[in-house]
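Worksheet for the structure shown next.
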Amino acid sequence: MMHNTGKSWINYDLVGPDDAPVVCMSHSLTSDYGMWAEQVPILLKEGFQVLRIDTRGHGGSTATPGEYSIDELSGDIISVLDALGFTSGVHMIGLSMGGMIGQVIAADRPGRFASLMACCTAASWTGDTELMQGRIKAVRESGSLESIVAANMERRYGPGFQKQRPLRWNALRDTFLGTSLDGYFGCMNACLTHNVLPRLGQVVVPTLVLAGSEDPTTPPADNKIIADAIPGARYAEIEGGYHFPNVEFADEFNRIMVDWLREVRG
């Protein structure tokens with residue numbers, strides 16, 4: 001399904017009973033809502049509606065040229081929620097860039113969420129900026145994401161994942177390559193300029209922060225900063241997890257997610 005925000009068309013998928021509570025899911029840079037495939041069946045079994053949204057310039061959502069901000073991408077999410085009539089009570093789950101978006105909405109728009117699960121993310125960019133700028137340069141010079149896909153896949157999944165699940169690995173790689181260049185450049189700027197840390201004390205909804213112990217992109221220390229800054233937030237860690245533990249360690253991720261949602265659902 002498509003929604004026009006006035007700036008771009010945002011692609012989303014909504015499944016589940018119309019009267020059920022809503023779980024909204026936001027993905028990482030160079031992914032799409034398909035990265036949540038391992039979570040959808042169990043969320044439906046638990047009696048939720050599941051709303052997965054493609055970020056601007058990713059998946060089926062159209063791109064706009066120029067630099068984006070996390071605040072701007074958060075506005076796209078709010079626009080979809082408003083169009084669907086989900087003005088409050090939504091349980092938000094975001095990973096990496098999606099977790100940045102979730103933090104911003106939770107901090108700046110009290111009352112929109114019933115809970116927040118921020119996964120493998122950061123309150124501000126503290127990573128290797130030189131590495132990221134090098135990737136941007138490589139993509140601009142080559143005109144393709146092919147030049148950086150191998151290095152990114154190595155940071156997202158453990159060394160055995162490709163052999164264990166080759167079809168899933170290839171599908172995720174293809175999704176990476178399918179990201180529009182405007183979407184990549186715009187969202188890369190959004191991630192590198194993100195800083196919601198001074199506002200995290202304003203978050204009042206129940207919050208769970210989840211990290212992968214081996215994540216080189218947003219390591220546990222980055223996630224613990226979020227948990228420490230949000231009043232009453234909890235922290236959990238998946239041992240052996242890289243940047244996408246929801247895919248590689250789906251059983252453990254789903255157990256943590258379901259236990260959390262059962263609690264905050266009330």
Evaluate the distance, in nm, between pseudo-label points positioned 7 Å from the Cα of residue 197 and of residue 255 along their respective Cα→Cβ axes. 3.3 nm
Whole-angstrom gap from region 17-87 to region 198-252, using each part's C-alpha centre: 19 Å
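Once you list every other residue whose beta carbon is under 12 Å from the beta carbon of residue 36, what net charge do they have if Lys and Arg are +1 and Asp and Glu are -1?
On the way: positive: 52; negative: 13, 32, 38, 54.
Once positives and negatives cancel, what remains is -3.
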Where both residues lie in the chain, what percent of DSSP beta bridges are antiparallel, nearest 5? 25 percent
³J(HN,Hα) computed for each position of region 54-63 - Karplus, 6.51 cos²θ - 1.76 cosθ + 1.60, integer Hz, glycine/proline x: 7, 5, 3, x, 10, x, x, 8, 7, 9
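Taking the Cβ of residue 260 as the center, what net charge do the other residues with Cβ under 12 Å away carry, scoring Lys and Arg +1 and Asp and Glu -1? Mind showing how you got there, number by number?
Values: positive: 234, 255, 262, 265; negative: 46, 259, 263.
It works out to a net charge of +1.
Dipole magnitude of the chain about its Cα centre, charges +1 at Lys/Arg Cβ and -1 at Asp/Glu Cβ only, in debye to the nearest 20?
Value, rounded to 20: 60 debye.
Which net charge results for the neighbourhood of residue 178, defined as the other residues with beta-carbon distances under 15 angstrom from its beta-carbon, given Lys and Arg at +1 and Asp and Glu at -1? Provide the component values of the computation, followed by the final result.
Working: positive: 56, 173; negative: 32, 54, 146, 174, 182.
Neighbourhood net charge equals -3.
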Throw me the Rg/Rh for region 1-105, computed over C-alpha atoms with Kirkwood Rh, two decimals. 0.94
Leading residue at positive end of dipole, region 115-186 (Cβ point charges), from 175, 158, 185: 158
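Please get the size of the charge dipole for region 65-157, origin at its Cα centre, with Cβ charges of +1 on Lys and Arg and -1 on Asp and Glu, quoted in debye to the nearest 20.
Values: 7 positive and 11 negative charges, 43 e Å.
Here region 65-157 has a charge dipole of around 200 debye.
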Could you run the Debye sum over the Cα atoms of the chain, one equal point scatterer each and no solvent, and tell me log10 of I(q)/I(0) at q = 0.10 Å⁻¹, two decimals? -0.44
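Determine the gain in length on full extension of the stretch residue 262-residue 67; use 0.36 nm per residue of separation and subtract their C-alpha separation, reporting nm with one decimal.
Extra length available between residue 262 and residue 67 comes to 66.4 nm.
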Under unit Cβ charges (Lys, Arg +1; Asp, Glu -1), what dipole magnitude, rounded to 20 debye, does region 160-219 have relative to its Cα centre? 180 debye
Which order do 237, 67 take by accessible area at a 1.4 Å probe, largest first? 67, 237
For region 149-266, list log₁₀ I(q)/I(0) at each q in 0.16, 0.20 Å⁻¹, using the Debye formula over Cα point scatterers of equal strength and ignoring solvent, two decimals each. -0.94, -1.23
Could you check the spin-label model distance between residue 171 and residue 15? Points 7 Å from the Cα along Cα→Cβ, value in nm. 1.1 nm
Determine ³J(HN,Hα), in whole Hz, for all residues of region 32-43 in sequence, where each value follows from phi through the Karplus function 6.51 cos²θ - 1.76 cosθ + 1.60 and θ = phi - 60°; x replaces Gly and Pro. 8, 5, x, 5, 9, 4, 6, 9, 4, x, 6, 5
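When you count, for each residue, the other Cβ atoms within 10 Å and take the mean per peptide, how do 212-223, 109-120 rank with the highest first?
Numbers: 212-223: 19.6, 109-120: 22.0.
Final packing ranking: 109-120, 212-223.
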Among 55, 87, 121, residue whose mean-square fluctuation peaks in a GNM of the chain (springs only between Cα atoms under 10 Å): 87
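Quick check: with the 1.4 Å probe, what order do 54, 174, 32 take by accessible area, largest first? Present the calculation step by step, with values, prior to reporting the outcome.
Details: 54 5, 174 95, 32 35 Å².
Ranked from most to least accessible, the order is 174, 32, 54.
What accessible area per residue, rounded to a whole number of Å², is obtained for region 119-266 using a probe radius of 1.4 Å? Display every interim value, and only then the final one.
Numbers: 6800 Å² over 148 residues.
Accessible surface, normalised per residue, equals 46 Å².
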Accessible area of residue 242, 1.4 Å probe, to the nearest 10 Å²? 50 Å²
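The values are calculated or read from the model by the stated rules, or taken from the named source; none is laboratory data. Every value quoted in this text rests on a predicted model; they were computed, and no experiment measured them. Please note: Cβ atoms are built from the backbone with ideal geometry, for glycine as well, and neighbour counts cover all protein chains shown. Surface areas here come from the heavy atoms of the whole protein model, side chains and all, with no ligands, DNA or RNA. Shrake-Rupley method; radii C 1.70, N 1.55, O 1.52, S 1.80 Å.
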